[in-house]
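Values quoted throughout were computed directly from the atomic coordinates according to the rules given, and no laboratory measurement underlies them. Please read these numbers as outputs of a predicted model, since none were measured by experiment. A quick note on method: Cβ atoms are made from the backbone with ideal geometry, for glycine too, and the neighbour counts reach across all protein chains shown.
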Amino acid sequence: MAFEINGLDEETLPHVFSVRFFGVQIEQLLMNLDMEGIEASSGSACTAGSVDPSHVLVAMFGEDHPGITETLRISFGLGNDQAEITQAAETISQVVLRLAKRKEERV
């Protein structure tokens, strides 16, 4: 599965991770992650709960760019440890691969 980490190290917050999964619709990914107990979002915190695209993602990618609907945002807190982060990464990888496989089967 093709992916791209959004942002340069010097331009990102250390507790926020933003990644684009090419070809994966983020709403499907978010629903599946929620069922796995992982909380994530599709945009900036200031657009949480909004149906409009994140102004941050629009600024990064441009209007109507697929990256707007393929980007996952995860925030970490002081209570998260390395084991939780590793488990979340493994689960996200499994879910993304499962969704990609389903998409291929429909084509």
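Points to keep in mind about this one:
- Arranged from fewest to most other beta-carbon atoms within 10 Å of their beta carbon, VAL107, VAL96, VAL58 become VAL107, VAL58, VAL96.
- FRET efficiency for LEU97 and PHE76, using Cβ-Cβ distance with R0 set to 30 Å, rounded to 0.05: 0.85
- Calculated FRET value between GLN25 and ILE5, using beta carbons and R₀ = 25 Å, to 0.05: 0.85
- Local net charge near ASN32, Cβ-Cβ under 12 Å (Lys/Arg +1, Asp/Glu -1): -1
- Summing Lys and Arg as +1 and Asp and Glu as -1 over all other residues whose Cβ lies under 12 Å from the Cβ of ALA100 gives a net charge of +2.
- Per-selection Kirkwood Rh - the chain (Cα, Å, 1 d.p.): 14.5
- Ranking of THR86, THR69, THR12 by count of other Cβ atoms within 10 Å, fewest first: THR86, THR12, THR69
- When MET60, MET35, MET1 are arranged by Cβ crowding within 10 Å, least crowded first, meaning fewest neighbours, the order is MET35, MET1, MET60.
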